[in-house]
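Below is one structure, written out as structure tokens; comments come after it.
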Amino acid sequence: MNQNLLTEFGATTRLGHSFRRLVVNYIDRCRLEDGGYFFARIPPSSGADTHFAVKSLALMGMKPPRPEAVANFFFRQIKEGTLSSIAGLFNAVEVINELGQITDDLRSYAQDQIMAWQNKAGGFGALENIYVEVPSELEETYRAVRILKSTGATFDEQAVAGFVSSLLNHDGGYGRNRHSTLASTFYATEIHKLLGVDIQKLAGTRAYFRRREKSWQIQFIEDLFWLVEGLANLGEKTVFPDRVIEFVLECQRQGGGFARATIMGIPTLEYTFYALSVLKEMEVL
């Protein structure tokens, strides 16, 4: 990362046009002919990377150069019937909604797929068949709720809230087998926010985040994202803004993108989205 930024940067300083231009150029280099994005820059595009790219641009108040091509990247998959996973639907709905091109057909398609997923998985409360590799057992539930809310669907919100509450631990965090994680606690706050839960009732969760913040065992950009955004969902700010900003800027690479860690790693659109989200929350982007 540019050492001048690290030495001159403070919590009240805003990043300038040169920083934003560098990041935008990185994102643009990941854009492919099929309308989507992929950090490896080889076709076909990735739905997840397309989501991260569009959301990153939105954080900077921008849209992709050809919004209709990006939307069509997902509409083609819907037409072909290949977009059926919760993750794929989430990426499509988030991007198309961000571009202002959501349609009634997409709403119906997404809601039907969510219903099929619920029936197959046994509802929002199913913890079976969750891959160990996923960051949180609440990730799919968050995506499903986000899709349903974005498409204006009605669903059993009490069942969702009950499932989330079943993963609340004595330390105020969330996670299965009494093991709280930053990821699950972050997703719990995201779901609570979508369901309109009173954040004043989440004092234990607020205390969990503060303990994790105080211990500062942050190694990866996603950990910082979960911590900072989780606090934000509870109406809180980090008490270490300079430290947070410095960590993020040290993850930036010469080409403009951000890597997972400060010392090593290649830039990706996913980590760039996490970095920009944190900088936005710090009010410096």
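Read the figures in this text as sums done on the coordinates, not as results from a lab. What you see is a predicted model, and the numbers here were worked out from it, not measured in a lab. We place every Cβ from the backbone using ideal geometry, glycine too, and count neighbours over all the protein chains shown.
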Next item on the list: Tabulate in residue order the Karplus-calculated ³J(HN,Hα) for segment 43-54, using 6.51 cos²θ - 1.76 cosθ + 1.60 with θ = phi - 60°, rounded to whole Hz; enter x for Gly and Pro.
Entry: x, x, 5, 9, x, 5, 5, 5, 4, 5, 5, 5
Margin query: Can you give me the distance in nm between label points at ARG14 and ILE263, each placed 7 Å from the Cα along the Cα-to-Cβ direction?
Written below: 3.6 nm
Notebook entry, point to check: Which ³J(HN,Hα) values in Hz, rounded to whole numbers, follow from the phi angles of segment 70-87 under the Karplus curve 6.51 cos²θ - 1.76 cosθ + 1.60, where θ = phi - 60° and Gly and Pro get x?
Noted result: 5, 4, 5, 4, 7, 4, 4, 5, 5, 4, 7, x, 9, 9, 10, 6, 4, 4
Notebook entry, point to check: Which whole-number percentage describes the relative contact order of segment 17-81, with Cα contacts under 8 Å and a sequence gap of 6 or more?
Noted result: 25 percent
Item checked: Low-density loop cleavage sites - trypsin sites (Lys or Arg not before Pro) in segment 37-112, where at most 13 other Cβ are within 10 Å (DSSP) -> ARG41
Next item on the list: Would you work out the relative contact order for the chain, in percent, from Cα pairs under 8 angstrom that are 6 or more residues apart?
Entry: 21 percent
Note to self: If each DSSP helix of 4+ residues adds -39,500 (n - 2.57) and the sum is divided by the residues in the chain, what number results at 222 nm, nearest 500 deg cm²/dmol?
What the structure shows: -17500 deg cm²/dmol
Check: If we sort 182-193, 272-283 on the protection proxy, mean other Cβ atoms within 10 Å, highest first, what's the order?
Finding: 182-193, 272-283
Margin query: Taking the Cα centroid of segment 249-274 and of segment 222-241, what is the distance between the two, rounded to the nearest whole Å?
Written below: 19 Å
Checklist line | Mean separation of Cα contacts under 8 Å (6+ apart) over length of segment 232-280, as relative contact order % | finding: 27 percent
Notebook entry, point to check: How large is ³J(HN,Hα) for each residue in segment 273-279, as worked out from phi by the Karplus curve 6.51 cos²θ - 1.76 cosθ + 1.60 (θ = phi - 60°), to whole Hz, x for Gly and Pro?
Noted result: 4, 4, 4, 5, 4, 5, 4
Checklist line | Gained length - GLU33 relative to ALA69, 0.36 nm times residue gap less alpha-carbon distance | finding: 12.1 nm
Check: Among the lysines in the chain, how many pairs, 8 or more places apart or on different chains, have alpha carbons under 16 Å apart?
Finding: 6
